[in-house]
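Comments concern the structure below.
FYI, it's all coordinate maths here, none of it is from the lab. Worth saying up front: this structure is predicted, and the values here are computed from it rather than measured. As a convention, Cβ positions derive from the backbone with ideal geometry for all residues, glycine included, and neighbour counts pool all protein chains shown.
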Amino acid sequence: MSGKPQPPQPPLRAETLLIHSGAPAPDPAGAGPVNIPVVRASTVRFASVATMADYHQRHSAGERVASYGRHGMDTHQALESAVSTLEGGHRAFLTPSGLSAISLVFIALASPGDHILVADSVYSPIHRIDRALLSRYGIQLQYFSPSGDDLAALVRPNTRLIYLESPGSLLYEVLDFPAIVALARRRGILVAADNTWSGGYFFKPLALGANISLQAATKYLAGHSDVMQGVVVVDGPELAARIGAAYDALGLTVGADDAYLTLRGIRTLAVRMPRHQINATEVARHLAGHAEVARVFYPALPSDPGHALWQRDFTGASGLVSFTVRRKAPGFAAAFVDALSLFAIGASWGGYESLATIADPALLSKHGDWQGDTALIRLHIGLENPQDLTRDIDRAFDSAAGAGE
């Protein structure tokens, strides 16, 4: 063999990393399964008292080992590794839901007397976290416009965290993420971002300077509408220690079967996400040209106000499309949704199937950018043939119009 130095290898692309990250190594005999097995455990057995003490000490020091089943076994660790690789982070923590992932971040990073700035376009249950939990402990949340125009003036000496979601929930407002991160860094403030919309595939908050990226793994990561799970990814060991301490204190854990299903979902993320985008873009364009539609909300459309920022910071768009209807007749939107045959009516999204729901006006009123006076319908565009979906939409509009006459 030649002694010449080998040229550096280019980094692996996302599609390859999603297939191989968290994969099991062969056993000592040199064989093993493709997928990590489902490892369920409450009790971890040790060969000696000294070994048990060593595991406890290593876990307490932040090492990713399980001295008890709640800490997560092989299946959990494989999923955490895969999500950390996807997000480009240091460490991941699995939680029972996306909402619990958000709560974990707030609880871990804020103390009584602290101030948190939150984009007003975020997932609406954050308002419940505020009322039911944070305000009781003297932690103040204050909301700012997705434009960020008022953000600098709202920063206080006790501001500890800026919490973002880009694109936003329901209206998909795209934030100037690098500008907000730059402001936070100048003021010594941490930045956390909900990255569920992109599935971690089309957007990389940590690469743009955020400290924490979290997702409802319920959605695109699992991808099959059969798992409840959240995940928090941090950028380094300091935050891993802070999040880890709160994580242990809250006793958070997820079942090994759910971790396995999410890991299996991740293996096809690079195939599913581009298809969601292709289908959603076709449906969004169709809606934009429909006589019954007043406005379409989808950042990948050139007509969307956030399109330029989306082009700059994102590599693709997900399957979420919202739109308003022209008719103000009561019940028209509900009649339209009821008439759909390929879209189930449901509140979640991120699975392979198409879904439809009508946004609660009380939720929309919390968005500073909301100017509508008719119903907002949210569609999740699944993996069906998009022409079948657009025909279904046209039939539903015809049915709703006839019902309202």
Exercise. For the range 296-362, what is Rg from Cα atoms divided by 2.2 N^0.38 Å, rounded to two decimals?
Worked result: 1.30
Exercise. With charges set only on the Cβ (+1 for Lys and Arg, -1 for Asp and Glu), what does the dipole of the range 166-317 come to about its Cα centre, in debye to the nearest 20?
Worked result: 320 debye
Seminar exercise, completed: Note, the range 154-161: 3J(HN,Hα) by Karplus (6.51, -1.76, 1.60, θ = phi - 60°), whole Hz, Gly/Pro = x, goes 8, 5, 10, x, 9, 6, 10, 8
Exercise. Just VAL105, VAL234, VAL34 to compare: in a GNM of the chain, with alpha carbon springs under 10 Å, which one fluctuates most?
Worked result: VAL34
For this session: Quick one: angle between helix 386-404 and the longest Cα principal axis of the chain, in degrees between 0 and 90, rounded to 10, please.
Result: 50 degrees
Seminar exercise, completed: Check: C-alpha center the range 220-284 vs C-alpha center the range 343-405, spacing in Å is 25 Å
Exercise. Which distance in Å, rounded to a whole number, links the C-alpha centroids of the range 138-197 and the range 25-70?
Worked result: 39 Å
Seminar exercise, completed: The helix 74-87 Cα axis meets the longest alpha-carbon principal axis of the chain at an angle in degrees, between 0 and 90 and rounded to 10, of 60 degrees
Exercise. Given Cα pairs under 8 Å that are at least 6 residues apart, what percent is the relative contact order of the range 1-132?
Worked result: 21 percent
For this session: Mind sorting out which of (1) 25.9; (2) 24.4; (3) 20.5 is the real mean projected area of the Cα convex hull in nm² computed from the coordinates?
Result: (2)
Exercise. Mind checking the dipole of the range 14-266: about its Cα centre, +1 per Lys or Arg Cβ, -1 per Asp or Glu Cβ, Debye to the nearest 20?
Worked result: 520 debye
For this session: Name the residues whose placed amide hydrogens come within less than 5 Å of the amide hydrogen of SER322, ignoring near sequence neighbours (fewer than 5 apart) on the same chain.
Result: PHE297, LEU379
For this session: Determine, for LYS219, LYS366, the number of other Cβ atoms within 10 Å of each Cβ, and report the residues in order from fewest to most.
Result: LYS366, LYS219
Exercise. If you count, for each residue, the other Cβ atoms within 10 Å and average over each peptide, how do 37-48, 194-205, 166-177 line up from highest to lowest?
Worked result: 194-205, 166-177, 37-48
Problem set entry | 3J(HN,Hα) from dihedral phi, the range 182-194, Karplus parametrisation 6.51/-1.76/1.60, rounded to Hz, x for glycine, proline | 4, 4, 4, 5, 4, 9, x, 10, 6, 10, 10, 9, 7
Exercise. Say each of ARG312 and ASP394 gets a label point 7 Å from the Cα, pointing the same way as Cα to Cβ; how far apart are those two points in nm?
Worked result: 3.9 nm
Exercise. Against the longest principal axis of the chain, how steep is helix 49-60, in degrees 0 to 90 to the nearest 10, with axes from Cα atoms?
Worked result: 40 degrees
For this session: Rank these for me by crowding, HIS367, HIS59, going from fewest to most other beta carbons within 10 Å.
Result: HIS59, HIS367
Seminar exercise, completed: Final fewest-first order of ASP373, ASP392 on the 10 Å Cβ neighbour count is ASP373, ASP392
Problem set entry | Label zone at ILE278 (point 7 Å along Cα-to-Cβ), backbone N below 17 Å, the range 302-326 | 316-320
Exercise. Non-local amide H neighbours of ALA193 (under 5 Å, H modeled in plane, Pro and chain starts lacking H): which ones?
Worked result: LEU164, ILE212, SER213, LEU214
Problem set entry | Under the Karplus curve 6.51 cos²θ - 1.76 cosθ + 1.60, θ = phi - 60°, whole-Hz ³J(HN,Hα) for the range 364-369, x wherever Gly or Pro sits | 5, 5, 7, 8, x, 8
Exercise. The range 271-404: D in µm²/s via Stokes-Einstein (Kirkwood Rh, Cα pairs, 37 °C, 0.692 mPa s)?
Worked result: 218 µm²/s
Exercise. Which part of the range 221-246 falls in the paramagnetic zone of SER348, meaning amide N under 19 Å from the point 7 Å along Cα-to-beta-carbon?
Worked result: 221-232
Exercise. Given H placed on each backbone N at 1.01 Å, which residues far from VAL293 in sequence or on other chains put an amide H within less than 5 Å of it?
Worked result: ARG326
